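Q: Take a look at this one; I'll ask things after.
The values are calculated or read from the model by the stated rules, or taken from the named source; none is laboratory data. As the structure is a prediction and not an experimental result, all values here were calculated from the model. With ideal geometry, Cβ positions are generated from the backbone for all residues, glycine too; neighbour counts draw on all protein chains shown.
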Amino acid sequence: MPGVVYLVGGAVRDGLLGLPQPEKDWVVVGSTPDQLIALGFRQVGASFPVFLHPDTGEEYALARTERKQGHGYHGFSVDFHPGVTLEEDLERRDLTINAMAQDDQGRLIDPFNGRQDLEQRLLRHVSPAFYEDPLRVLRVARFASRFADLGFRVHESTLELMQAMVASGELDHLVPERVWAEFAKALVSTRPEVFIEVLRDCGALAILLPEVDRLFGIPQPEVHHPEIDTGVHVLMTMNRAARIGGSAEVVFALLLHDLGKGLTPADVLPAHIGHEKRGVPEVNRVCERLRVPGAFRDLAIRVCELHLRCHRLMEAQPSTVMELIEKADLLRRPDQAEDFILACQADYQGRKGLEDRPYPQGERLRKALKIALAIRARDIAIEGLDGLQIGEKLRSARIGAIAGSEDPAG
């Protein structure tokens, strides 16, 4: 191959951390697009040349430099002539731990002390050019959440730079799709709440999610919420969701489930009666602004509106259980029941000192749904009944079956 090829970025970082390397990215120094295409590589990059290897499908990028010319993520001028050096390519990267390379002999090239920062568990920017790309504020927060369990933290100088970027107004130029892409990746990390914490520390949360940011400092009744602060509770629920195996949709629903508490009148605090209904329009507003996928939006709305009903299931009559099943649309979409239950469980347990308390409500809902789904219109006498009457009779049969299954004498 013309030029010199180096393994770069996350594969080098994760290899040094002893983590799996599912994807490998390569940089080619001293080559041109025509030379790679002649070897069978397929170009996929639009603003700068990125190529897919004809056999492995791995990405190969020409070494490049970038210079800020406008606002936002796309406001860059890219130079990828054959004279660009490996160090120049690495210098444009965001964090020192992502600015390392290995040659074909496995030797480390580390001009910005990324290995030292790995050992010290630091997320530190490579150069002042970090300031030029506002998306890096979210990327740093995402790496902080991804590596939180390994003890990583954002270096003070990098956090100060992120704060300056927020103050400059550059985040206003980020397109929703790019913002959501970073959120989506952070939601599947082992510590998704750290993503929100870092965004809040640098001031970005107030810009990107003011509906969540204003929850911090809002009190809740201590008898139900020993942690008191609503924002802290939200972070605890996200953490709990990740711990019990909740999906990205579940974690996102927890992020937004208490938005209604941000609208509670000050004179009735710390009570939040009716916050579930007040929160639904707020959830919709966030999802529309970030262009959140439908599956995330749907679950977030249902959890926001119905989580308290789920918590009260152990005292509920069978008809009330059936009503929750219907309100949560679980008869039509039973495959989404587990996400709904896990989100409610994480809210119930995401409280100071209550993380391990049982959640039998989840099992009652699972059992009741299974029973309800087993009864179909063909199983009951419907001759001579119209559609509405059939629906009412079917519902009554399901409620009766749920009641019968729970009757100790039945």
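Q: Let me spell it out: the conditions are (1) assigned to a helix (DSSP H, G or I); (2) in contact (Cβ under 8 Å) with a residue 12 or more places away in the chain, and Glu160 meets all of them except one. Which number is the exception?
A: (2)
Q: Let me ask another. Is region 252-266 home to any residue that is among the β-branched types (Val, Ile, Thr) and either assigned to a helix (DSSP H, G or I) or at pLDDT 95 or above (or both)?
A: Restricting attention to region 252-266, the residues satisfying the condition of being among the β-branched types (Val, Ile, Thr) are 264.
The next check asks that each one be either assigned to a helix (DSSP H, G or I) or at pLDDT 95 or above (or both); those that pass are none.
Within region 252-266, not a single residue is among the β-branched types (Val, Ile, Thr) and either assigned to a helix (DSSP H, G or I) or at pLDDT 95 or above (or both).
Q: Condition first: assigned to a loop (DSSP other than H, G, I, E, B) and either over 11 Å from Arg178 (Cβ atoms) or modelled with pLDDT of 95 or more (or both). Now tell me which residues in region 124-133 satisfy that. Break it down stepwise before answering.
A: Let us first name the residues in region 124-133 that are assigned to a loop (DSSP other than H, G, I, E, B), namely 124, 126-127, 133.
Within region 124-133, Arg124, Val126, Ser127 qualify.
Q: Moving on to the next point. Quick check on my filter: what residues within region 32-81 are modelled with pLDDT of 75 or more, assigned to a loop (DSSP other than H, G, I, E, B) and either assigned by TED's automatic domain parsing to the domain that holds Gly169 or surrounded by fewer than 12 Cβ atoms within 10 Å (Cβ to Cβ) (or both)?
A: Going residue by residue through region 32-81, those that are modelled with pLDDT of 75 or more are 32-44, 49-66, 78-81.
Checking the rest, the ones that are also assigned to a loop (DSSP other than H, G, I, E, B) come to 32, 39-41, 44, 49, 53-58, 63-64, 80-81.
Hits for region 32-81 are Gly40, Val44, Pro54, Asp55, Thr56, Gly57, His81.
Q: Let me confirm something: among Leu269, Leu308, which residue is surrounded by fewer than 21 Cβ atoms within 10 Å (Cβ to Cβ) and touching a helix residue (DSSP H, G or I) at 6+ places or on another chain (Cβ under 7 Å)? Step through it out loud before you land on a result.
A: Details: Leu269 fails: touching a helix residue (DSSP H, G or I) at 6+ places or on another chain (Cβ under 7 Å).
Answer to the check: Leu308.
Q: Just give me the residues in region 87-117 being within 16 Å of Val5 (Cβ to Cβ), part of a strand (DSSP E or B) and under 32 Å from the mean Cα position of the chain (by Cα), in sequence order.
A: Once the filter is applied, which keeps residues that are within 16 Å of Val5 (Cβ to Cβ), part of a strand (DSSP E or B) and under 32 Å from the mean Cα position of the chain (by Cα), region 87-117 yields Ala101, Gln102.
Q: Need pairs with beta-carbon distance below 8 Å; first residue assigned to a loop (DSSP other than H, G, I, E, B) and within region 286-300, second modelled with pLDDT of 95 or more and among the aromatic types (Phe, Trp, Tyr); sequence gap 6+ or separate chains.
A: Partner pairs satisfying both residue conditions: Arg291/Trp180; Val292/Trp180; Val292/Phe252.
Q: Okay, next question. When only residues in region 227-251 that are part of a loop (DSSP other than H, G, I, E, B) and in contact with an Asp or Glu (Cβ under 8 Å, 6 or more places away or on another chain) count, which is nearest to Arg214 (Cα to Cα)?
A: Step one: filter region 227-251 for residues part of a loop (DSSP other than H, G, I, E, B), giving 227-228, 244-247.
Among the residues that remain, those that are also in contact with an Asp or Glu (Cβ under 8 Å, 6 or more places away or on another chain) are: 228, 246-247.
On the way: Ile228: 15, Gly246: 25, Ser247: 25 Å.
Ranking the qualifying residues of region 227-251, first place goes to Ile228.
Q: Using the structure shown, decide if Glu182 is in contact with a Pro (Cβ under 7 Å, 6 or more places away or on another chain) and either touching a residue at least 60 places away in the same chain (Cβ under 8 Å) or closer than 26 Å to Ala248 by Cα (or both). Lay out the reasoning, then the answer.
A: Working: in contact with a Pro (Cβ under 7 Å, 6 or more places away or on another chain): no; either touching a residue at least 60 places away in the same chain (Cβ under 8 Å) or closer than 26 Å to Ala248 by Cα (or both): yes.
The answer is no for Glu182.
Q: If only one of Gly217, Gly245 is of a type in the set (Gly, Ala, Ser) and touching a strand residue (DSSP E or B) at 6+ places or on another chain (Cβ under 8 Å), which one is it?
A: Details: Gly245 fails: touching a strand residue (DSSP E or B) at 6+ places or on another chain (Cβ under 8 Å).
Matching residue, one of Gly217, Gly245: Gly217.
Q: Report, by residue number, each residue of region 95-116 that is under 21 Å from Arg67 (Cα atoms) and crowded, with 21+ Cβ neighbours inside 10 Å. Outline the logic, then answer.
A: The initial filter retains those residues of region 95-116 that are under 21 Å from Arg67 (Cα atoms), namely 95-96, 98-100, 111-112.
Passing the criteria: Leu95, Thr96, Ala99, Met100, Phe112.
Q: Looking only at region 214-227, filter to residues that are in contact (Cβ under 8 Å) with a residue 60 or more places away in the chain and surrounded by fewer than 19 Cβ atoms within 10 Å (Cβ to Cβ); which one of those is nearest to Ile301 (Cα to Cα)? Explain how you work it out, then say what you get.
A: So in region 214-227, the residues in contact (Cβ under 8 Å) with a residue 60 or more places away in the chain come out as 224-227.
Filter again for surrounded by fewer than 19 Cβ atoms within 10 Å (Cβ to Cβ), leaving 224, 226-227.
On the way: His224: 22, Pro226: 26, Glu227: 24 Å.
Looking at the filtered set, the residue picked out is His224.
Q: What about Gly15, is it in a loop (DSSP other than H, G, I, E, B) and either surrounded by fewer than 18 Cβ atoms within 10 Å (Cβ to Cβ) or under 30 Å from the mean Cα position of the chain (by Cα) (or both)?
A: Details: in a loop (DSSP other than H, G, I, E, B): no; either surrounded by fewer than 18 Cβ atoms within 10 Å (Cβ to Cβ) or under 30 Å from the mean Cα position of the chain (by Cα) (or both): yes.
The answer is no for Gly15.
Q: Got at least one residue in region 100-117 being modelled with pLDDT of 95 or more and closer than 30 Å to Ser247 by Cβ?
A: No, region 100-117 contains no residue that is modelled with pLDDT of 95 or more and closer than 30 Å to Ser247 by Cβ.
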